[in-house]
Amino acid sequence: MVAGGRTRPGMLDVARLAGVSHQTVSRVLNEHPNVRESTRIKVVQAIEELGYRRNSAARALVTQRSGTLGIVTTGSEHYGPSRTLAVVERAAREAGYFVAVATAVHPTPDMVTSIFDRFLDQAVEGAVVIAPTEEIAAAARNASADLPVLMIAATPKWEPGQHALSVDQGAGARMVAEHLIELGHRDVVHVAGPVDWFDARARARGWHAKLAEAGIRARADRQGDWTAASGYAIGQALLEDLPTAIFASNDHMALGLLRAFAEAGVHVPGQVSVVGFDDVTGSDHYFPPLTTVQQDFTVLGRRALEALIDLIVGVPVNTEQVPPTLVPRASTGPARR
């Protein structure tokens, strides 16, 4: 109510006056790019005529409940999940939403169901689930019946009606393989991430697929665990039979490789080229500066927010993968003779 007993105009009033749906009003209020300029002008004029005001909880969504979005994460300190959480949360706040973050370190269906129940108690409009492993993805799938859910996960295997978004991990690995092939490398090895991580599996698939297209059979993968320590141990093990190039599935394992080679007097890239993945802060100051794959998490966060809003208002969702970028630096060079 407002002064004099009049009811404060709502989003449905704006929609009626503008002659559009309430979903369209929501998209205009949230500055969604897929709105015609003529439609946007009509909605803005209706807002001004009625004196409609969004409340502090971002009353732009069709439910007009809380303007709160939920994020579920494993609490992983690894670069990808932690960076994804930061950019999605920032994108939501910049768009005017309050964010409720829930951490499930060892998620079970019951635990994630409990998290979703709390979200519903808080009138959360929808949730983003950062799902680097099948464990949290499966738990979220089982608990998502009553709430719009967008997964951020690098896997193509989803049931109808489920939606996932990610940076194209396989494309990044194919870029690495192509880069090394162009430099003349044929004796190559991949230091893989944990087998239960979607990103690690997608990178390994992309790497081997591109090599197979070129008729190159890589050495068997060496198994790492994302840590620099695992890269260091694998680097020491490779000293007796050094390939010409190594693709590490993340920059931290690449850092471990570089240390192992530096201690043994192995020159990078003269004797062996090293490539990482992620372009973590400081990778340009490794010695030598690391060739790596950059993931555009800022674009990922923005697209994730747009896709979640589309899910909430019931319009088609764009889950096209975000393209990565290869960043060549001094750790790669022509294959040794």
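The values are calculated or read from the model by the stated rules, or taken from the named source; none is laboratory data. Being a predicted model, the structure only gives us computed values, none of them experimental. Cβ: placed from backbone, ideal geometry, glycine included. Neighbour counts: every protein chain shown. Heavy atoms of the whole protein, side chains included, go into the accessibility calculation; ligands, DNA and RNA do not. Shrake-Rupley method; radii C 1.70, N 1.55, O 1.52, S 1.80 Å.
Rounded to the nearest 10 degrees, the angle from helix 297-313 to the longest Cα principal axis of the chain is 40 degrees. Using the Cα gyration tensor of segment 73-132, with a ≥ b ≥ c the square roots of its eigenvalues, what is the shape: rounded (a/c below 1.5), prolate (a/b larger than b/c) or oblate (neither)? Oblate, because a/c is 1.5 or more while a/b does not exceed b/c.
Per residue, the accessible area of the chain comes to 46 Å² when a 1.4 Å probe rolls over the protein heavy atoms.
Amide H contacts under 5 Å for Val101: Ile71, restricted to partners 5 or more places along the chain or on a different chain, H placed in the peptide plane at 1.01 Å from N. Derived value for segment 230-333: Kirkwood hydrodynamic radius 15.2 Å. Basis is the mean of 1/r over every pair of different alpha-carbon atoms. Once C-alpha pairs closer than 8 Å and six or more residues apart are averaged by separation and normalised to the residue number of segment 91-233, the relative contact order reads 19 percent. Summarising the strand pairing of the chain, around 10 percent of its internal DSSP beta bridges are antiparallel. Comparing Ala143, Leu180, Val99 along the charge dipole axis of segment 83-186, the residue lying farthest to the positive side is Leu180, per the Cβ-charge model.
Summing Lys and Arg as +1 and Asp and Glu as -1 over all other residues whose Cβ lies under 11 Å from the Cβ of Thr291 gives a net charge of -2. Selection among Ser166, Gly333, Ala131 by position relative to the dipole of the chain gives Ser166 as farthest towards the positive end (Cβ unit charges, Cα centre).
Each Lys and Arg Cβ is given +1 and each Asp and Glu Cβ -1; about its Cα centre, the chain then shows a dipole of about 760 debye.
Normalised by the number of residues in the chain, the average gap of Cα pairs under 8 Å and 6 or more apart makes the relative contact order 15 percent. The simple Förster model, with R0 at 56 Å and r as the Cβ-Cβ distance, assigns Asp187 and Ala86 a FRET efficiency of 0.90. Here the chain has 50 percent of its accessible surface on carbon and sulfur atoms, given a 1.4 Å probe and all protein chains in place.
Among (1) 43, 22, 16; (2) 41, 19, 18; (3) 47, 20, 16, find the value of semi-axes √(5λ) of the Cα gyration tensor in Å that was calculated from the structure presented, and write down its label. The listed entry that was calculated here is (3). Counting only DSSP H runs of at least 4 residues, each contributing -39500 (n - 2.57), and dividing by the residue count of the chain, the helix-based mean residue ellipticity at 222 nm comes to -13000 deg cm²/dmol.
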